[in-house]
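The values are calculated or read from the model by the stated rules, or taken from the named source; none is laboratory data. All values derive from a computational prediction rather than experimental measurement. Cβ placement follows ideal geometry from the backbone for every residue including glycine, while neighbour counts extend to all protein chains displayed. SASA here: full protein model, heavy atoms, side chains in, ligands and nucleic acids out. Shrake-Rupley method; radii C 1.70, N 1.55, O 1.52, S 1.80 Å.
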Amino acid sequence: MSNANPRAISRRRIVKSGLALAGAQIAGPFVLPARAAQAIKIGLDNPLTGPYAALGKNELTGCQMALDEINAKDGILGRPVELVVEDSTSGDAGVAVLKARKLIDGEGVDFLLGNVNSALSLAMAQVSNEKSILHIVPGGHTDAVTGSSCNWNVFRVCNTTQMEANAVAAALIEQYGKRFYYITADYAFGHTLEAGMVRASAPLGGERVGGDLTPVGTVDFSSYLIKAQGANPDVVLFLLGGDDMLNALKQAVQFGLQNKVHLAGAQQEMEPLEGLAPEARIGVWVMEWYWNQPGVPHVAEFAEATKKRTGRVPTARTWFGYVSVWTCALAAAKANSLKALDMAKALQDFHLPPEIALGPNPAFYRAGQNQLLASLFVGEAQAKGSAPDDFFKVTKVVDGAKVAGTLEESGCKMKWPT
Amino acid sequence: MSQVVLFNVFNGLIVGAFYALMALGLSLILNLSGVINFAHGGFLALGAYLAYTLIPYIGFWGALILAPPLTAVLGLVVEWLLIRPLYGKDPLYSLLLTFGLAYIFEDMTRLIWGAQSVPFQVPGWLMTSLSNQYFFLTGYRVFMMIIVAAAVGGLFAVLKYTRLGMRIRAGTRDLDTVSTLGVNVRVLRSLNFGIGIYMAGLAGVLAAGLLGLSPTIGANLIMPSFVAIIVGGLGSLLGTLIGGLMIGVASGLAAVYFPSATEAVIYVMMALVLLVRPRGLLGEEGRLH
Amino acid sequence: MNAARARGLDVAICLMLLFAPFWMNAIGGYTELATRIVVMGLAAMSLNFLLGFTGVLSFGHAAYFGLGGYGTAMAIKYWGVGSIPAIVLGVIVATIAAMIIGALIIKLRGVYFAMVTIAFGQVFYFIAFRWNAVTGGDDGLTGWRRLPINFGFADLDIVQNDRAFYYFALAIFAVCVAAMAVLLNSPFGRSLIAIRENERRARFLGVPIEFHVWLSFVISCLFVSAAGGLYALLNNFIDPRALRVDLSGNLVIMAVLGGMRSFWGPLIGAAIFVALQDYVSSHTENWMSVIGLVFVLVVRFFPRGVLGMLRTGAKA
């Protein structure tokens, strides 16, 4: 293709939209090859290998879909957009930080996206803040990102654990009872989720009858499940992530635990559910986004487009990536500038258009916290649904803005550069 | 409380049996060939994925029978091509080689089967509890115990009653003499390696019924195997078996009293054994260097 | 390698390191990559003090690397000390740990020593992971950053200026490396080599084996923890993954790849490994296979490493 710098293509995985190039050809023979040199670059520093690979790749898919749409619509401020992808691996933070610097200093990206891993999100946020680059965190959950460690240039798409807890606590108490047993992953994500659940359920009479902190990567949950059952709760809460969730649920169902107590938890994702046999897909959870939303416009098209691209339905992660890239485009358009400070200011209380929000409630970045407040989907995992891949039955859609707590509670004290 | 303790001890034995299966394969290879197989977890994952791929065609039982030997065949190829040249050299090299192999295996499984966890279908009737009171005694866990017992029993039988087994046992003590007695040591090592990998593959198939099947399934299982070998005693297969069971029980008890320390406890055990009795519980003298 | 060649190599390496930020950018690298190479090079060379010169394999050096890092990070986060005192504190913490653990495991050798070092490495990993309140747990220790260095007459801004930080790291590297060179050339160093060559004979010659190996272990951990402290400063971050066995394995492969028997070998190995990993992981998702392949190829075809091969080539 004429307006592609051959060296640029061979140097790394640069994702350009085929549509953008085709469009350029149609526009006329006077399209200058130099145009490609003016491309806007978005850097994605996410895990593509290791235990978080599945999540990272789904976010990447969402990013690519947004990229295609943006380039089809004339790019950002009239310039084509490229996605530069680096594998943060699942090794130590050093690699993620190194890649962030490589993207910013070496590649000269205009925006930074990442990371699935909460710790790496924080580490990268320090780099992006140092270099004053707009940084969107698609799926790193630790509350500190838009809480005690918040920064003016860092925005987050996924929910805080407190929001998730708030969304599901009431539903659980209503439906099942007040006695909760906690099986919590022993790291920040689990801790904040448990603290959130305790805080959310206490005013409603929720009681913590016992709990265990399980090491991340626990292979056998039977001891914890045995203890849980012995405590005779109404609900056993699984506050785990990724593979831990998968293993725990698989084993709980093998024990027939669901026949004795109710199984539930806060955050659930499609990825673990996809890894479970149908009979193990049980429990009440909250999802941050779900692909099957009858009656909500644009969602079905998004799901179709994803299916065509990957053969599978979009997950919350896909949506995170999609929103992250679109946020960059929309912020630049609103601020009419690529300067991080202008864009960050433009994003305060910024509402996503419905075809990006893809949910029934408004989705906006809360001013002073840079946290996206959208919809949360409370429901039950199910073996079979109305369509293939319909593993979750949504029973209630909660408005994120209503469960977000106050700005003060978040602990974020944002400092703007003078 | 004591009922919980009892449950956990019992359950710990079951899980420990699984660890023992994996550790025995490792131990076999280590004892005869002096090779630390860091890629053991990778072979386990491979066994699991092979079973997953075969199930739609030959069902669970067919996969259980076929996947481990297929894994063993791959193990034989790896041994012949890569590990054989390292015998007699500093153990550093085999450690590094298998370390690199572990990377390659993980990456290749991700490439072939994807990063996303895949659902592994175990026959329904195995998935239920056998009794209401002892609800953790699921059909699957009992089945796992039986398979492990059969495999371990088979292994010890082979070692005790067959000529191959006798040669392996002799070779573990003094490979040079065995060689001068006319035994083809190269073939012996290969077969030994193959048996070890067979056990890894079998452990993989069993693991897939218990855990989520993703490319990193083997990663968390290899360290407990190392510990089982060291605690049980270097050079002693019976020791490894006991070591595996001990780890399972220790983890189970830790879950009752110190839930956060369930993994740490096995390392503490290992450290203690190394300090107090470096050759392990049933280890032989003179195995340290 | 004869003396002139050795001197030539020393000079060449010093020059390359001194001007790294300049020629790195020219060949498509970037300053942080050079800094990372220096840090990893120091870590690998420290490991090699034990591995290549004393002949003892430790597969758990990441534990002391990480301890140095955590010590440094905690010193800055909780006490607000400057960068150099922070590194010193990290080194002290790690060295004390090494002294204790070294004394406990000194009786073992070979693969079993290696296995114990793995075990202790994992123990520290768990401590870092679980002791959330102090170490930040899985989230790592965040919310701090390296401070400019105040020399009294001038401030060295190592915070914003990547190049300045590179030279700071290089300075620490130089001090450590010089110390190691002095030690290796001393009678103590000679007896270490004797132990490597033939432990039994060395014992008959009256060399106190256990004490020497213990000391070598402690010295090796001391310098690796300095590298760990630098690493924490480089990233303004430290997390438990810096203590994991993969990092230990990487350090060993760097030493072997560059040449265990030579002084500068591990630095060369680190440069190749870090640069290769950086380059390959940018171009393909399957970089793990490439790295794994590197391990396999080095062990099978280049066990003496780059410098080892050059040396034999020179002899022939």
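Determine, yes or no, whether residue A:243 is over 27 Å from the mean Cα position of the chain (by Cα), open to solvent by 10 Å² or more (accessible area, probe 1.4 Å) and facing chain B (nearest Cβ under 7 Å). Taking the combined requirement at face value, the residue does not satisfy it. Look at the range A:391-418: where a residue is in contact (Cβ under 8 Å) with a residue 60 or more places away in the chain and open to solvent by 70 Å² or more (accessible area, probe 1.4 Å) and a partner is aromatic (Phe, Trp, Tyr) and not in a loop (DSSP other than H, G, I, E, B), sitting 6+ places away or on another chain with Cβ atoms under 8 Å, you get A:396/A:377.
So that you can scan it fast, the table gives a plain yes or no per residue for (1) within 14 Å of chain A (Cβ to nearest Cβ); (2) touching a strand residue (DSSP E or B) at 6+ places or on another chain (Cβ under 8 Å); (3) open to solvent by 10 Å² or more (accessible area, probe 1.4 Å):
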position: C:14; (1), (2), (3): no, no, yes
position: C:22; (1), (2), (3): no, no, yes
position: C:36; (1), (2), (3): yes, no, yes
position: C:44; (1), (2), (3): no, no, no
position: C:60; (1), (2), (3): no, no, no
position: C:68; (1), (2), (3): yes, no, no
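Checking the condition open to solvent by 10 Å² or more (accessible area, probe 1.4 Å), of a type in the set (Gly, Ala, Ser) and out of contact with any Ser or Thr (no Cβ under 9 Å at 6 or more places or on another chain), which residue from A:144, A:200 passes? So that I can check it myself, show each step before the final result.
Details: A:144 fails: out of contact with any Ser or Thr (no Cβ under 9 Å at 6 or more places or on another chain).
Checking each option against the conditions leaves just A:200.
If only one of A:195, A:200 is part of a helix (DSSP H, G or I), more than 14 Å from chain C (Cβ to nearest Cβ) and either touching a residue at least 12 places away in the same chain (Cβ under 8 Å) or within 23 Å of residue A:370 (Cα to Cα) (or both), which one is it?
On the way: A:195 fails: more than 14 Å from chain C (Cβ to nearest Cβ).
Residue meeting the stated conditions: A:200.
For the range A:211-226, name all the residues that are open to solvent by 30 Å² or more (accessible area, probe 1.4 Å) and modelled with pLDDT under 85.
Taking the range A:211-226 first, the residues open to solvent by 30 Å² or more (accessible area, probe 1.4 Å) are A:213, A:216.
The one that is open to solvent by 30 Å² or more (accessible area, probe 1.4 Å) and modelled with pLDDT under 85: A:216.
Answer yes if at least one residue in the range B:19-34 is open to solvent by 50 Å² or more (accessible area, probe 1.4 Å) and in contact (Cβ under 8 Å) with a residue 24 or more places away in the chain, and no otherwise.
no
Considering (1) touching an Asp or Glu at 6+ places or on another chain (Cβ under 8 Å); (2) more than 30 Å from residue A:274 (Cβ to Cβ); (3) open to solvent by less than 30 Å² (accessible area, probe 1.4 Å), the lone condition that residue B:216 does not fulfil carries the number (2).
Being assigned to a helix (DSSP H, G or I) and without any contact (Cβ under 8 Å) to a residue 12 or more places away in the chain is the filter; apply it to the range C:100-110 and report the residue that is farthest from the other protein chains (Cβ to nearest Cβ). Lay out the reasoning, then the answer.
Restricting attention to the range C:100-110, the residues satisfying the condition of being assigned to a helix (DSSP H, G or I) are C:100-105, C:110.
Among the residues that remain, those that are also without any contact (Cβ under 8 Å) to a residue 12 or more places away in the chain are: C:100, C:104.
Details: C:100: 12, C:104: 5 Å.
Only one residue fits best here, namely C:100.
Filtering the range A:227-240 to residues that are open to solvent by 20 Å² or more (accessible area, probe 1.4 Å) and more than 9 Å from chain B (Cβ to nearest Cβ) leaves A:231, A:232, A:234. Scanning the range A:88-98 finds one or more residues that are assigned to a helix (DSSP H, G or I), within 11 Å of residue A:45 (Cβ to Cβ) and open to solvent by 10 Å² or more (accessible area, probe 1.4 Å). Taking the conditions (1) open to solvent by 10 Å² or more (accessible area, probe 1.4 Å); (2) out of contact with any Leu (no Cβ under 6 Å at 6 or more places or on another chain) in turn, residue A:376 satisfies each one other than (1).
Only one of these is more than 7 Å from every other protein chain (Cβ to nearest Cβ), open to solvent by less than 70 Å² (accessible area, probe 1.4 Å), outside any helix (DSSP H, G or I) and closer than 24 Å to residue C:237 by Cα: C:81, C:134. Name it.
Numbers: C:134 fails: outside any helix (DSSP H, G or I).
Going through C:81, C:134 in turn, just one is more than 7 Å from every other protein chain (Cβ to nearest Cβ), open to solvent by less than 70 Å² (accessible area, probe 1.4 Å), outside any helix (DSSP H, G or I) and closer than 24 Å to residue C:237 by Cα: C:81.
The single condition among (1) at pLDDT 95 or above; (2) over 16 Å from the mean Cα position of the chain (by Cα) that residue A:128 does not meet is (1).
Only a single item in (1) within 11 Å of another protein chain (Cβ to nearest Cβ); (2) open to solvent by 10 Å² or more (accessible area, probe 1.4 Å); (3) within 18 Å of residue B:148 (Cβ to Cβ) is not met by residue B:252, and it is number (2).
Just one residue in the set A:133, A:173 is open to solvent by 10 Å² or more (accessible area, probe 1.4 Å), over 24 Å from the mean Cα position of the chain (by Cα) and either touching a residue at least 24 places away in the same chain (Cβ under 8 Å) or under 27 Å from residue B:223 (Cβ atoms) (or both); that residue is A:173. Here the range A:320-336 is the region considered, the condition is being open to solvent by less than 10 Å² (accessible area, probe 1.4 Å) and in contact with an Asp or Glu (Cβ under 6 Å, 6 or more places away or on another chain), and the residue that is nearest to residue A:141 (Cα to Cα) is A:320.
Could you tell me how many of the residues in the range A:256-268 are open to solvent by less than 20 Å² (accessible area, probe 1.4 Å) and in a loop (DSSP other than H, G, I, E, B)?
First, the residues of the range A:256-268 that are open to solvent by less than 20 Å² (accessible area, probe 1.4 Å): A:256-257, A:261, A:263-268.
Right, trim to in a loop (DSSP other than H, G, I, E, B) and you get A:256, A:261, A:268.
Looking only at that region, the number is 3.
Give the residue that is farthest from the other protein chains (Cβ to nearest Cβ), with candidates limited to residues of the range A:150-189 that are of a type in the set (Gly, Ala, Ser) and more than 21 Å from residue A:59 (Cβ to Cβ). It comes out as A:170.
So that you can scan it fast, the table gives a plain yes or no per residue for (1) within 30 Å of residue C:147 (Cβ to Cβ); (2) more than 13 Å from chain B (Cβ to nearest Cβ); (3) among the basic types (Lys, Arg):
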site: C:214; (1), (2), (3): no, yes, no
site: C:233; (1), (2), (3): yes, yes, no
site: C:237; (1), (2), (3): yes, yes, no
site: C:247; (1), (2), (3): yes, no, no
site: C:264; (1), (2), (3): no, yes, no
site: C:289; (1), (2), (3): no, no, no
site: C:300; (1), (2), (3): no, no, yes
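Within the range A:396-418, if we keep just the residues that are in contact with a helix residue (DSSP H, G or I) (Cβ under 7 Å, 6 or more places away or on another chain) and not in a strand (DSSP E or B), the residue that is nearest to residue A:170 (Cα to Cα) turns out to be A:403.
Taking the criterion of being in contact with a Ser or Thr (Cβ under 7 Å, 6 or more places away or on another chain) and either without any contact (Cβ under 8 Å) to a residue 60 or more places away in the chain or within 15 Å of residue B:30 (Cα to Cα) (or both), the residues of the range B:66-102 that qualify are B:79, B:83, B:86, B:87. All told, residue A:147 falls short of being more than 14 Å from chain B (Cβ to nearest Cβ), farther than 30 Å from residue B:13 by Cβ and over 23 Å from the mean Cα position of the chain (by Cα).
Based on what the data block shows, is residue A:381 surrounded by 20 or more Cβ atoms within 10 Å (Cβ to Cβ) and at pLDDT below 95? Can you show your working first?
On the way: surrounded by 20 or more Cβ atoms within 10 Å (Cβ to Cβ): yes; at pLDDT below 95: yes.
So residue A:381 passes the test.
Out of (1) closer than 30 Å to residue A:281 by Cα; (2) open to solvent by 10 Å² or more (accessible area, probe 1.4 Å), the odd one out for residue B:237 is which? Failing condition for residue B:237: (1).
When residue A:114 is tested against (1) within 21 Å of the chain's Cα centre (by Cα); (2) of a type in the set (Gly, Ala, Ser); (3) modelled with pLDDT of 90 or more, just one condition goes unmet, and that condition is (3).
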